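Novice: Next up is a structure, given as structure tokens.
The values are calculated or read from the model by the stated rules, or taken from the named source; none is laboratory data. Every value quoted in this text rests on a predicted model; they were computed, and no experiment measured them. Positions of Cβ are generated from backbone atoms using ideal geometry, with glycine treated the same way; all protein chains shown enter the neighbour counts.
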Amino acid sequence: KAGVTQTPRYLIKTRGQQVTLSCSPISGHRSVSWYQQTPGQGLQFLFEYFSETQRNKGNFPGRFSGRQFSNSRSEMNVSTLELGDSALYLCASSLQGGSNTGELFFGEGSRLTVL
Amino acid sequence: QQQVKQSPQSLIVQKGGISIINCAYENTAFDYFPWYQQFPGKGPALLIAIRPDVSEKKEGRFTISFNKSAKQFSLHIMDSQPGDSATYFCAASRNQFYFGTGTSLTVIP
């Protein structure tokens, strides 16, 4: 069974640009959530999608947005990039999300560098 | 405000020793407390988890101790091995996961 796939794995952007990251969840998983990982901050929750609807949202500015498609694949977009957006962006899938099923399955992440 | 506080930030343990990582939370509504292990270049992977109706859970060399009244939980790694060297994250959840800031564990031979 294929795991969570994130693309691209690495990317470099400049301030003011925008970026789109993609996540393909494990087959059958309907929930996709996104996290930002930075040294010293751990994993910060961005948002969760379930059946194409945003179910939860973290405390990030509106420059961060996402969506989920009917096949459960998800994308997140960051507009007007800032230096502080440099981070590893992790996608996680689960069967139903929340704490009902417990386990989050993470991808290997997309490492974004903003110059 | 950090919902889950984790310590220490880094830990060095001799092979065969016990590694202990601690976490504290504020929200008593949390109902699921997992620990994730992350190796360099990889995403975090579930190591062990506990729900608040039990005080301890053991899986092999890994044990979670849970103190509901103190709102604390900890991960104990017995007989630590160099292969355990990784970053460990605690988390607490109720509909949304809140992660600690991580502990970098190094087990030296």
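Novice: Which one of A:33, A:24, A:74 is touching a Cys at 6+ places or on another chain (Cβ under 7 Å), surrounded by 15 or more Cβ atoms within 10 Å (Cβ to Cβ) and not charged (D, E, K, R)?
Specialist: So the residue among A:33, A:24, A:74 that is touching a Cys at 6+ places or on another chain (Cβ under 7 Å), surrounded by 15 or more Cβ atoms within 10 Å (Cβ to Cβ) and not charged (D, E, K, R) is A:74.
Novice: Still on this model: Which residues, taken from segment A:1-27, are in contact with a Leu (Cβ under 8 Å, 6 or more places away or on another chain) and either of a type in the set (Val, Ile, Thr) or at pLDDT below 95 (or both)?
Specialist: The answer is A:7, A:12, A:14, A:19.
Novice: Follow-up. Could you look through segment B:15-32, keep only residues that are modelled with pLDDT of 95 or more and assigned to a strand (DSSP E or B), and pick out the one that is nearest to the other protein chains (Cβ to nearest Cβ)? Quick ask: steps written out before the conclusion?
Specialist: As a first pass, look at segment B:15-32 and keep what is modelled with pLDDT of 95 or more: B:15-25.
Restricting the remaining residues to those that are assigned to a strand (DSSP E or B) gives B:19-25.
Values: B:19: 18, B:20: 19, B:21: 13, B:22: 15, B:23: 11, B:24: 14, B:25: 13 Å.
Checking each candidate, the answer is B:23.
Novice: Just one of the numbered conditions (1) in contact (Cβ under 8 Å) with a residue 24 or more places away in the chain; (2) within 14 Å of another protein chain (Cβ to nearest Cβ); (3) within 28 Å of residue B:8 (Cα to Cα) is not true of residue A:39; which one?
Specialist: (1)
Novice: Same structure, new question: Among the numbered conditions (1) in a strand (DSSP E or B); (2) farther than 19 Å from residue B:16 by Cβ; (3) within 13 Å of chain A (Cβ to nearest Cβ); (4) under 12 Å from the mean Cα position of the chain (by Cα), tell me where residue B:65 comes up short.
Specialist: (3)
Novice: I need the full set of residues from segment B:15-68 which are at positive phi and without any contact (Cβ under 8 Å) to a residue 60 or more places away in the chain, in order please.
Specialist: So the first thing to find is which residues in segment B:15-68 are at positive phi, and the list is B:16, B:41, B:60.
Within segment B:15-68, B:41, B:60 meet the criteria.
Novice: Continuing with this model, one more query. Wholly within segment A:50-115, which strands (runs of 3 or more DSSP E) include no fewer than the required count, namely at least 3 residues that are at pLDDT 95 or above and within 11 Å of chain B (Cβ to nearest Cβ)? Explain how you work it out, then say what you get.
Specialist: Values: elements: A:53-57, A:64-68, A:74-78, A:87-94, A:110-114.
Correct list: A:87-94.
Novice: Starting from residues that are away from chain B (no Cβ under 14 Å) and not in a strand (DSSP E or B), keep the ones in segment A:3-27 and report whichever is nearest to the chain's Cα centre (by Cα).
Specialist: A:8
Novice: With the structure loaded, tell me whether residue B:71 is more than 21 Å from residue A:108 (Cβ to Cβ), surrounded by 14 or more Cβ atoms within 10 Å (Cβ to Cβ) and either among the acidic types (Asp, Glu) or within 14 Å of chain A (Cβ to nearest Cβ) (or both) or whether it fails that test.
Specialist: no
Novice: So residue B:70 clears everything in (1) under 14 Å from the mean Cα position of the chain (by Cα); (2) of a type in the set (Gly, Ala, Ser); (3) within 28 Å of residue A:58 (Cβ to Cβ); (4) modelled with pLDDT of 95 or more except one condition, right? Which one?
Specialist: (1) is the only condition that residue B:70 fails.
Novice: Only one of these conditions is not met by residue B:65: (1) buried (at least 21 other Cβ atoms within 10 Å of the Cβ); (2) in contact with an Asp or Glu (Cβ under 6 Å, 6 or more places away or on another chain); (3) not acidic (Asp, Glu). Which number is it?
Specialist: If we test residue B:65 against (1) buried (at least 21 other Cβ atoms within 10 Å of the Cβ); (2) in contact with an Asp or Glu (Cβ under 6 Å, 6 or more places away or on another chain); (3) not acidic (Asp, Glu), just (1) comes out false.
Novice: Moving on to the next point. Taking residue B:41, is it assigned to a loop (DSSP other than H, G, I, E, B), over 17 Å from residue A:45 (Cα atoms) and within 11 Å of chain A (Cβ to nearest Cβ)?
Specialist: yes
Novice: In addition: Tell me, please, whether a residue that is out of contact with any His (no Cβ under 8 Å at 6 or more places or on another chain), at pLDDT 95 or above, surrounded by fewer than 19 Cβ atoms within 10 Å (Cβ to Cβ) and more than 23 Å from residue B:40 (Cα to Cα) can be found in segment B:89-105.
Specialist: no
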